[in-house]
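Read through the structure below, which is laid out as structure tokens, and then see the notes.
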Amino acid sequence: MGKLTIDTGTLGNPSTGDSLRTAFNKVNENFDEIYEAVGTQLDTGLLTTNITNGDIKVQPNGTGVVEIDSLKITDDDITSLLTNGTVAITGNGTGTVDIEGLSFKGTSISSGDSSTINLNENVNVDGNLTVTGNFDLEGLAVGTLDVDNLNLNDNTISSDSNSDINISPGGTGNVVFPGVTISDNTITTSGSNANLELDAAGTGKVKVIGILSVDDGSTTDNYVGFGDADDLKIFHNGSHSIIRETGTGSLYLQSDNNVIIGKDSGSETMIKGVADGAVELYHDNVKKLNTSSSGVTVVDELHTEGATPHLTLKRTDNANIPTLRFKGSGGTVGASIDFQGTGGTSNELAFQVFDGASLAERFRVTYTGAKVTGTLNVDDGVTITDNTIATSASNANLELSAAGTGNIIFDTDLVSVGGGSEVGHISSNGAFNLLLSTNGDTDSGSIEIVDGTNGDIKIETDGTGDVLLKGDKVGIGTVNQPDTLLHLKDTNSVITLQRTNDANTPGLSFQQSGGNVRGVIKLDGTSGTSNEIFMQTYDGSSLAERFRVTHTGAKVSGTLNVDDGVTITDNTVKASASNADLELDGGGSGVVKVLADATVVGTLSTANITNTNNITTTQLDADGVRVKDNTITTLASNANLELSANGTGVVTIDGGIDIGDANISFGTATTTSSSAANMDTFTAATFRSAKYQVSIVDSTNTRFGIYEIFVTHDGSSAYINAQGISDTGENLATFSADINSGSVRVRVVPISDASTVFKFVRTVFAV
């Protein structure tokens, strides 16, 4: 039934509403409906419903609330209406307050179904938290947890009142975390070959307060490594501190500010990289090179050295003009060398200097020559201005001198020498003739050719022309009155015959009265030690060579007769006199040496033979020793064979030595990286085992050592034992052995990437 509304009528009580009876009947019916809905036991203090399993709902309208005594119920909130009032839910007697699976009794919370009590949100505990059983912190966020004097807050464990935090196992026990064991001052990983990792959460950092010390190491051990494969390694190798990139990438030194390389004391800068600016190089703390947005500045001297040192200025476009500029102390450009032109033969070098107002070009070099703008002063001796060449010094001569075989050429038909009426002419008559005329072409004067101090006078013809000196006698040198047709007189009177080409044969020819050549002395050969002097004489039909002198000696074509005592013909040397001995005798203490193979037909009798070449014989017996084929044996029974050097000399054996079933040899191997390499190999089927004495030299890092190595094999595997001593106190290399393709390989891994030399003596024993 719905709610019954009492009609109260209109204003003024004009008897228009419900009668009193009708109105109270409606009231009774409304109350009956409430009693039926909530129960009829209100007199007992119970609010119930007569509907089986029916709900009791007390629901206000809109924003209204439900008030019960001093409690206010709004939506799902229960609030005390009393100022500072407490909302208390209390069980009667030993009863508890149960909310789903939780039971509340006094200050205790328990689980009604004996399951775990889960707190799934943040829990703030203002007072002390006492745990009598196990306390599992997994998933529990505790703002601050105090255990005795130990404080746990966020990810921080601290103690009260400056106290230490001690985690101490009992007896010989260790402090063990998952994967990590702490014993005394040592932290180790529990897993075999497991890494020890220190990892801060999120953006946190792992900080080391104090000194982090790493023992001397290398690229393979005792280093601080960065990257997945330890590509960046930092270590001290016992002599030097090294930062090395061992991966495939590059090594960067990066900074948001400057990068400075200097002495440890900070007193000296070596290299400075300015952020967003210059790179500076220093010498003894003085800046010598500085980069800028416009290029590079070098202080003092720029020095290049090498097989072909050079400085190159390369333009990016042919329209550009690369320049060398020279500035004064104030920074003003006082001179420049400009490279102009767009390419090919148009390229030119222009030299400019400051003339007081601006840079003015004074010299230009083109592909055809050079051009001077102004006056050319040659060593303060000659000036060239416009078409005038003059000497600078007062009363000085003007000399024109060609270099080497060059000529001085006047491109004109007439050259005048002198002044006034005393003018001499050098002219051409138009028929390839050169005329010297004197006294204004009257030819009444004389022509003298006089050299200056140490000057040369040359008379040369062109083509097949001849130089003719006509007269009774010609004197050369200090001769005043020649005695013969050609008379040479000087301190060292020498006639020089110089050929114009090495294929020519200059010489002296001797003619008979009829003009026929009957004797010749000539120079033959093209250059160097091939030059030879030969002599020819007439043999009745033609000139035939009979004697030739070379850089090594002389050669006779025909028979050489030595003082009628010895004749040499072809390859035969014999005494000229009948039955005379032929003697070969060295002068003084000298000896007679046979420098080629010699065959003795008869008996060779000698007390001593000194040989510089080969002695060929089927068998040589010498004072108790026989040499036959490749075998040297003693002739005396049971005598030892001794090889002995003289004085401090040694016996050198080039190659190996076989001693019974053993062989001794020497070898060398060189490495240039720290990768594994073969030092030596031997055939597994031939030799069973080997002993090595190895000397190691790393000159770059000043490391030296000596090792003794023993190697053997069973046909399928090789075994090695190595013992070594190093003057640097470290193992310079690691040795291993294996069998590969039937050979036993002795392999080495040096600690250095620098050139390392392994010299060894090897003794191998046969299978």
Ellipsoid equivalent to the stretch 320-390 - semi-axes via the Cα gyration tensor, in Å: 23, 20, 9
Where labels lie 7 Å past Cα in the beta-carbon direction, separation of ASN721 and VAL562 in nm: 7.1 nm
Size descriptor, Kirkwood hydrodynamic radius, that averages inverse alpha-carbon separations across the stretch 529-681, Å: 22.8 Å
Alpha-carbon spread of the stretch 644-767, three principal axes, descending order, Å: 49, 41, 21
Given charges at beta-carbon only (K, R positive; D, E negative), |dipole| of the chain in Debye: 2560 debye
Size descriptor, Kirkwood hydrodynamic radius, that averages inverse alpha-carbon separations across the stretch 631-681, Å: 15.3 Å
Fraction of the pair-distance distribution of the stretch 454-534 above 16 Å, Cα-Cα pairs, percent: 72 percent
Crossing angle, helix 20-38 versus the chain [Cα axis fit, 0-90 degrees, rounded to tens]: 50 degrees
Fewest-first sequence of LEU485, LEU543 by Cβ atoms within 10 Å of each Cβ: LEU485, LEU543
Exposure proxy order (Cβ contacts within 10 Å, fewest to most) of MET535, MET679, MET270: MET270, MET535, MET679
Dipole of the chain, positive end: most advanced residue of PRO506, ASN84, THR16 [Cβ charges, Cα centre]: PRO506
Fraction of alpha-carbon pairs over 15 Å apart in the stretch 528-602 - percent: 73 percent
Ranked THR269, THR86, criterion: other C-beta atoms within 10 Å, fewest first: THR86, THR269
Relative frequency of Cα-Cα separations exceeding 15 Å in the stretch 244-308, percent: 64 percent
Beta bridges per DSSP with both ends in the chain, % antiparallel, nearest 5: 95 percent
Debye intensity ratio in log₁₀ form over the Cα atoms of the chain, taken at each q of 0.05, 0.06, 0.07 Å⁻¹: -0.82, -1.01, -1.15
Per-bin percent of Cα-Cα distances, the stretch 209-249 [5 Å]: 6, 25, 30, 21, 12, 5, 1
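Just so you know, all these numbers are worked out from the coordinates, no wet-lab data involved. The structure displayed is predicted, hence computed values, not measured ones. Because the Cβ atoms are built from the backbone with ideal geometry, glycine has one as well, and the counts that use them run over all protein chains shown.
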